[in-house]
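FYI, it's all coordinate maths here, none of it is from the lab. Computed from a predicted structure; not experimentally measured. So basically every Cβ, Gly included, is an ideal-geometry build from the backbone, and we count neighbours across all protein chains shown.
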Amino acid sequence: MRQLKAKWLEMTTPQATKTAVLVIGGAEDKVHGREILRTFVARSGESDGYITIIPSASREPGIISGRYVRIFEEMGASKIEVLDIREREQCEDRNFKESLENCTGVFLTGGDQLRLCGVLSDTSAMDIIRRRVRSGELTLAGTSAGAAVMGHHMIAGGGSGESPNRSLVDMATGLGLIPEVIVDQHFHNRNRMVRLVSAIASHPDRIGIGIDEDTCAMFERDGWLQVLGKGSVTIVDPTEVTHTNEPYVGATEPLTIHNMRMHILSHGDKYHLYQRTALPANYRISS
């Protein structure tokens, strides 16, 4: 029955769209196969691509953006531009806004997600990115901190290695590019499962997405995400939770959560954000 359901979903699901949002868990391969970065360049138009890099999250924006410029040049992108936005006022710059209106791909680097949101949120530049992503005109990628900002609710920091509790996670407001999700990056590499579970317990109307290093959750406009890379993507789905003590206990007390669903997906597996359905790689939709 499970195989029949998967096959039926394959037959009734629209084909993957060209543009996508690539949410990368950090430390993506920049040397060998570079599959995730190649996918970003391909979705941005390959040799016709016009890529803008926004290194605002980084303390060393020149160094980190220079590395991505070299990589994207080697991959054949025809035009690459760095938007070195360090102050909010720069988001209103006419040249920066023109670049964002005309580019085919935007890449948000790693660093500090609070810094990135502090610079970009509620600006004209961010409005352009959001509008063009939603209309299918732009491919967007974010790695590490650039991944953390994708949801409306954002994990800004926290601990690990304890039972789930509210004090383990510090929340802030993200950029709302995929508002339905809460993303945690470097996921299994830094033992962040309980941090994500604690975040979702406080926001049960969202879906938790934990992404390992050198791994990407690629969101298509039709609602499917597909996993790329060498690690896994963990889905924490609270839709069918029957009980939680989260509203009633102190910040450091252990959380009780009953009937929370979890999926662990690897390369080629797919998950539909709205149907809450997972498909194994054998039945993934060809792009």
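Table for the structure above
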quantity: Estimated FRET transfer efficiency (residue 274, residue 189; beta-carbon r; R0 30 Å; 0.05); calculated: 0.55
quantity: For the stretch 35-146: rounded, prolate or oblate by the Cα gyration tensor [a/c cutoff 1.5]; calculated: oblate
quantity: Lysine pairs in the chain with Cα atoms under 26 Å, if 8 or more residues apart or on separate chains; calculated: 15
quantity: Per-residue ³J(HN,Hα) for the stretch 75-80, Karplus 6.51 cos²θ - 1.76 cosθ + 1.60, θ = phi - 60°, Hz, x for Gly and Pro; calculated: 7, x, 4, 7, 9, 10
quantity: Rounded Å value of the spacing that divides the Cα centres of the stretch 42-85 and the stretch 258-276; calculated: 31 Å
quantity: Proxy reagent accessibility, fewest Cβ within 10 Å first, across 32, 263; calculated: 32, 263
quantity: Length gained when the stretch residue 69-residue 93 is fully extended (0.36 nm per residue, less Cα-Cα span); calculated: 6.5 nm
quantity: Phi to ³J(HN,Hα) by Karplus 6.51 cos²θ - 1.76 cosθ + 1.60 over the stretch 241-251, Hz, x for Gly, Pro; calculated: 4, 9, 7, 8, 8, 3, x, 10, 10, x, 4
quantity: Ranked by how many other beta carbons lie within 10 Å on average, peptides 128-139, 246-257, 204-215 from highest; calculated: 204-215, 128-139, 246-257
quantity: Between the stretch 87-162 and the stretch 183-239, the alpha-carbon center distance in angstrom; calculated: 18 Å
quantity: Fewest-first sequence of 89, 220, 180 by Cβ atoms within 10 Å of each Cβ; calculated: 89, 180, 220
quantity: Prolate/oblate/rounded label for the stretch 192-249 (Cα gyration tensor, a/c 1.5); calculated: oblate
quantity: Ranked list, fewest to most other Cβ atoms within 10 Å of each Cβ, for 216, 117; calculated: 117, 216
quantity: Per-residue ³J(HN,Hα) for the stretch 159-165, Karplus 6.51 cos²θ - 1.76 cosθ + 1.60, θ = phi - 60°, Hz, x for Gly and Pro; calculated: x, 7, x, 10, 5, x, 7
